Structures are given as C-alpha cells and as structure tokens.
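Q: Structure incoming, see below.
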Amino acid sequence: MDRRALYVRLPNDAAEKLDRAAFELRVAKQDLVTDLVENHLGAIGGTRRVVVESVDDSLTVGHHSFTPAARLEVLTLDEASELLRIDAEELTKLAALGDVPGRRLGDEWRFTRSALLNWLGNPDEEA
C-alpha cells in the first residue's frame, strides 16, 4: 500500500485518546487513523466497509431475502372474525344462520378467505 506523510496538530485530549487506543489495541497510530478515516469517511469515496463484532460466534453475517408468507385460504373462527373485524360469537351466529359462508366441522367452524371476501364485497348476493 502506498503511503503519504500526514502531519496534523490534534487537541491534547484527542492526542491522548489516540495514544491510549493505539497502546491498548496494540496497533500503530497510522493504522488506527487509517481505519478511522475509512470507517467514518469511506462512504464519501464510494463503497464502505462495515465491521461487525460479536461477543460470541453465534452471529452470522451475510445477505437476506424475504418471501411473504402465503395467506391462509382456510380460516378458523378466530382468524375469520379477525379478517372481518367482528366478534367471534357474532360470526358464529351469522354462520349458523347461513348468513356468512362457512362450514361446521364437528364443534368448530371453518371459513375460506375468498368466500368471506366475496360475501363482504357482494352484500346483495347469497353466500
């Protein structure tokens, strides 16, 4: 790496911090200053290097991608009442009367998202 001389006057407190950091980190002051310039001013000149430190080795650094979870088509009573934003007891009554499209399976109700949304969007049509 090519190097160029740099002479600066620092306030006493800053110079003492630099001396202490170089001693404690066992790093030459020029390397410490180089890292500080890269970490704080590196983005100005293009790409920026990021250093991640962890107490243990459990942290994994890499890239990510997210895929949204598919919406459930078959809903429970609680999920359907949340979708319609009505009380679960009220939805049970409406479903039992046949006013809302749903199926009773044993003691539980099941609804399809598409049927509920279709029913909600077409109030004049029968379910």
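The values are calculated or read from the model by the stated rules, or taken from the named source; none is laboratory data. In this text, all values refer to a predicted model and were calculated from it rather than measured experimentally. Quick reminder, even Gly has a Cβ in these numbers, built from the backbone with ideal geometry, and neighbours come from all protein chains shown. Just the protein is used for accessible areas: all its heavy atoms, side chains included, with ligands, DNA and RNA removed. Shrake-Rupley method; radii C 1.70, N 1.55, O 1.52, S 1.80 Å.
Q: Exactly one of these conditions fails for Arg20: (1) modelled with pLDDT of 80 or more; (2) loosely packed, with under 11 Cβ neighbours inside 10 Å; (3) part of a loop (DSSP other than H, G, I, E, B). Give me its number.
A: With (1) modelled with pLDDT of 80 or more; (2) loosely packed, with under 11 Cβ neighbours inside 10 Å; (3) part of a loop (DSSP other than H, G, I, E, B) applied to Arg20, the lone miss is (3).
Q: Next question, about the same structure. What are the pairs with Cβ atoms under 7 angstrom where one residue, in region 106-123, is in contact (Cβ under 8 Å) with a residue 12 or more places away in the chain and within 13 Å of Glu82 (Cβ to Cβ) and the other, located anywhere, is among the hydrophobic types (A, V, I, L, M, F, W, C) and open to solvent by 60 Å² or more (accessible area, probe 1.4 Å)? Sequence gap at least six, or different chains.
A: Arg113/Leu72
Q: If you go through region 23-33, how many residues are in a helix (DSSP H, G or I) and either aliphatic (A, V, I, L, M) or within 33 Å of the chain's Cα centre (by Cα) (or both)?
A: Residues meeting the conditions: 3.
Q: With Val100, Val61 as the choices, which residue is part of a loop (DSSP other than H, G, I, E, B) and modelled with pLDDT under 75?
A: Val61
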